[in-house]
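As structure tokens, the structure follows; a few thoughts come after it.
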Amino acid sequence: MSVKHTKPNLNQSQVAEMVKRLFSLTPSEMRSLPSYDDQNFYVAAVEGGEYVLKIMNSEHSKNPTLIEVQTYAMAFLHQNGLPAQKAIPNTAGQSISMEEIDCGHGAQTYCVRLMTYVHGKTVAESPVTTQDVYHVGKLAATLDKTLEQLVSQNLDVLQSHDTPWSLSNIPLLEGYLSVMDGNPLQEVIKAVTEQYKLHVDPKISSFSKGIIHRDLSDQNIIVTPIANGHHEISGIIDFSLLMNGCYVFELAITIMYLMLENPNPLDVGGPLIAGWESIMPLSDDERDSLYLLVLGRLCQSLVYGQYYSRKYPDNKEYILTTARNGFQMLAKLWELGKEEVERKWFSDASTFSVNN
């Protein structure tokens, strides 16, 4: 993880100029949207339409072929009836624009895309029901199942795009544990890493694999309210981590993030698993690894959150979103233990009814 300045930092006048030049649109309203290490702006245009202008960080922008595949995957999902955003072509007919910009640390190249805007609120902001959570699990598996049909001559870029955030790289946490010095949960994170190496690593080769979103968090799933307090999923956003990976990783990531803001976090796993398995049943090895994969992702989010909050102090509040409830959740899940948590999850999943 490089410590150089990679996050873009454009002001509104720069954004307005870029939107006009690249897309022939005149912003009538603009506002900044949250992002971890990119920069996002809501843009309403005088000519009509609402959009999100996404400026990728300079590190990820070094691989435009990967970004093109991610953008193509979004369009493919949209064509297949899933609520993914679409990129709006620029005046040259391209879905991505490579722009050289000086954000105060010398000129760097950033990938710029204009996306359709999705109305609604994030799951993190919404009082979702267990039935809503079931539908999130079902949609997550449907998304991955649909991506099995994706055809592109450049799909190989998804093979090599591996990062410390990958759930296959939990052992890399050991190199960052010093950011947790003084935190009593540092020992728990060490123990989770050791348990992962012993019990999950040897099984990974048997897991089902394909293209996964890899960041179906409560911040990246947009919902709108419908009848009886339920919600429908109106959008899946942020495909910047799309890669080839294990399907069970997708489920573990989604469970972890949906637990974070839920008032009853242990009630999340069952309906999510039930929704997922209605499309993609888990193998015995995948089921047996789920607890440690969820804890592993939580540890990644907490450790790398501490690391990045020091790197980008101006964005500290957003980066440390997981930390608000995450440390308490890690302590609780570790205290309950694998057997107890799995008993709850799989019992709830087996008795879950879509109409409950």
Report summary line: Spelling it out for residue 88: with amide H atoms placed in the peptide plane at 1.01 Å from N, the residues 5 or more places away or on another chain with amide H under 5 Å from its amide H are 114, 115, 116
Report task. Could you work out how far helix 12-23 tilts from the main Cα principal axis of the chain, as a 0 to 90 degree angle to the nearest 10? Result -> 80
Report task. Mind checking which aspartates and glutamates have their Cα closer than 13 Å to the Cα of residue 190? Skip sequence neighbours fewer than 8 apart in that chain. Result -> 174, 181
**Report entry** Accessible surface of the stretch 238-311, 1.4 Å probe, proportion on carbon and sulfur as whole %
**Finding:** 45
Report summary line: Under the Karplus relation with 6.51, -1.76 and 1.60 and θ = phi - 60°, whole-Hz ³J(HN,Hα) for the stretch 248-265, x at Gly and Pro, equal 5, 4, 4, 5, 4, 4, 5, 4, 4, 5, 6, 5, 4, 9, 7, x, 10, x
**Report entry** Vicinal HN-Hα couplings computed from phi for the stretch 134-148 (Karplus, 6.51 cos²θ - 1.76 cosθ + 1.60; Hz; Gly/Pro x)
**Finding:** 4, 5, 5, x, 5, 5, 4, 5, 5, 4, 5, 5, 5, 5, 4
Report task. Enumerate the amide H contacts of residue 235 below 5 Å, restricted to partners 5 or more residues apart or on another chain; note that Pro and chain-start residues carry no placed amide H. Result -> 222
Query raised in the report: Which value at 222 nm does the chain reach when only helices count, each DSSP H run of 4 or more adding -39,500 (n - 2.57), with the total divided by all residues and rounded to the nearest 500 deg cm²/dmol?
Result: -13500 deg cm²/dmol
Report task. Give me the percent of the accessible area of the stretch 1-110 that comes from carbon and sulfur atoms, probe 1.4 Å, all protein chains in place. Result -> 49
Query - Residue order for 181, 218 - accessible surface, 1.4 angstrom probe, largest first - result: 181, 218
Report summary line: Regression test value, accessible area per residue of the chain, probe 1.4 Å, units Å², expected 42
Report summary line: For the stretch 154-260, averaging the sequence separation of alpha carbon pairs under 8 Å that lie six or more residues apart and dividing by its residue count, the contact order in percent is 28
Report summary line: At the level of C-alpha centres, the distance separating the stretch 231-302 and the stretch 173-204, in angstrom, is 19
**Report entry** Karplus 3J(HN,Hα) series, Hz, for the stretch 233-246 with 6.51 cos²θ - 1.76 cosθ + 1.60 (x for Gly, Pro)
**Finding:** 7, 9, x, 10, 10, 6, 9, 6, 10, 3, 6, 6, x, 7
Report task. Across the stretch 1-100, how many lysine pairs, 8 or more positions apart or on different chains, have C-alpha atoms separated by under 15 Å? Please give the number. Result -> 5
**Report entry** Interchain or long-range residues, amide H under 5 Å from residue 163's placed H
**Finding:** none
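What is the percent carbon and sulfur in the accessible area of the stretch 170-222, measuring with a 1.4 Å probe over the protein chains and ignoring ligands? Kindly include the intermediate steps, with their values, before the conclusion.
Numbers: 1200 of 2230 Å².
Looking at the stretch 170-222 in its full context, I get 54 percent from C and S.
The values are calculated or read from the model by the stated rules, or taken from the named source; none is laboratory data. Just so it is clear, the model here is predicted, and its values are computed rather than measured. In case anyone asks, the SASA skips ligands and DNA or RNA and just uses the protein heavy atoms, side chains included. Shrake-Rupley method; radii C 1.70, N 1.55, O 1.52, S 1.80 Å.
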